[in-house]
Amino acid sequence: MLITGEQQEDAVANELIDSHLRSLLADHLTDVASSDKHTVKPWFAGRTELSPPGVDLAPEGFPLVGGRLDLIEGKPVPALVYRAGKHVINVFVLPARAGEYVETVTRRGYTLRHWNQGDFGYWAVSDASSDEFAKFEHAFRAAASG
């Protein structure tokens, strides 16, 4: 059976939302618990092919909690973990993908936002309000580009 790009994207979206939920259910938010980006970023070295910027967003109200590895599409990928009040935002980092990907998906009360920035494809998942989530994305994009 040939899988279309849309079906593959949908499968990835489901995997990411499921991974977010598992991190909450199993109380396994982090493998490395630290708000220090200089601790989180190097922790990924040698554990995954990608070493994402663990940007500090505490001044904007989104403190870095830490990071962990997750399996997406059968490969270990970094997940950066942030807080938005009482909500958790997981930012999964995959290689940037060319093509037309839906930027926002909402399923089961969770929102997944996707954007490419440089060589990274960011997929953020949370049940935070849409306003709070938009503020987080704006702050993350600005910090990751600088």
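The values are calculated or read from the model by the stated rules, or taken from the named source; none is laboratory data. On a predicted model such as this, the values are computed, not experimentally measured, just so you know. Glycine gets a Cβ as well: all are built from the backbone with ideal geometry, and neighbour counts include every protein chain shown. Ligands, DNA and RNA are excluded from the accessible area calculation, which covers all protein heavy atoms including side chains. Shrake-Rupley method; radii C 1.70, N 1.55, O 1.52, S 1.80 Å.
Rounded, prolate or oblate: which fits the range 33-89, taking a ≥ b ≥ c as square roots of the Cα gyration tensor eigenvalues, rounded meaning a/c under 1.5, else prolate when a/b beats b/c?
Since a/c reaches 1.5 but b/c is at least a/b, the shape of the range 33-89 is classed as oblate.
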Checklist entry - With axes computed from alpha carbons, what is the tilt in degrees of helix 5-25 against the longest principal axis of the chain, rounded to the nearest 10 within 0 to 90? => result 40 degrees
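Tell me, in nm to one decimal, what length is gained between Arg47 and Arg108 on full extension, where the rule is 0.36 nm per residue of separation less the Cα-Cα distance? Present the calculation step by step, with values, prior to reporting the outcome.
On the way: separation 61, 0.36 × 61 = 21.96 nm, distance 3.08 nm.
Gain on extension, Arg47 to Arg108, equals 18.9 nm.
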Checklist entry - When DSSP assigns beta bridges and you keep just the ones with both residues in the chain, what percent turn out antiparallel, to the nearest 5? => result 95 percent
Checklist entry - For the Cα atoms of the chain, what angle does the longest principal axis make with the long axis of helix 130-145, in degrees from 0 to 90, nearest 10? => result 80 degrees
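Run the accessible area of the chain with a 1.4 Å probe and give the carbon-and-sulfur part as a rounded percent.
Values: 3990 of 7620 Å².
C and S atoms contribute 52 percent here.
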Checklist outcome for this item: Comparing His38, His20, His114 in a Gaussian network model of the chain (Cα, 10 Å), the one with the largest mean-square fluctuation is His38
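For every helix of n ≥ 4 consecutive DSSP H residues, a contribution of -39,500 (n - 2.57) applies; sum these over the chain, divide by its total residues, and give [θ] at 222 nm rounded to the nearest 500 deg cm²/dmol.
Numbers: 3 runs with 44 residues, N = 146.
Result for the chain: -10000 deg cm²/dmol, rounded to the nearest 500.
Rounded if a/c is under 1.5, else prolate if a/b is larger than b/c, else oblate: which is the chain, with a ≥ b ≥ c the root eigenvalues of its Cα gyration tensor? Could you put the intermediate results ahead of the total?
On the way: a/c = 1.41, a/b = 1.26, b/c = 1.11.
Here the chain falls in the rounded category.
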Checklist entry - Once both labels are modelled 7 Å past Cα along the beta-carbon direction, what's the Leu21-Lys86 spacing in nm? => result 2.1 nm
Checklist outcome for this item: Counting only residues 5 or more apart in sequence or on a different chain, those whose built amide H sits under 5 Å from that of Ala96 are Phe120, Gly121
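Which length gain, in nm to one decimal place, applies between His28 and Gln117 when the Cα-Cα distance is subtracted from 0.36 nm times their residue separation?
Values: separation 89, 0.36 × 89 = 32.04 nm, distance 2.71 nm.
Length gained between His28 and Gln117: 29.3 nm.
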Next on the checklist: Just to confirm a number: summing +1 for Lys and Arg and -1 for Asp and Glu over residues other than Phe44 whose beta-carbon lies under 11 angstrom from that of Phe44, what do you get?
Outcome noted: +1
Checklist entry - Roughly how many Å is it from the Cα centre of the range 23-89 to that of the range 110-146, as a whole number? => result 13 Å
Checklist outcome for this item: Residue-normalised value, i.e. accessible area per residue, for the chain at 1.4 Å probe, in Å², stands at 52 Å²
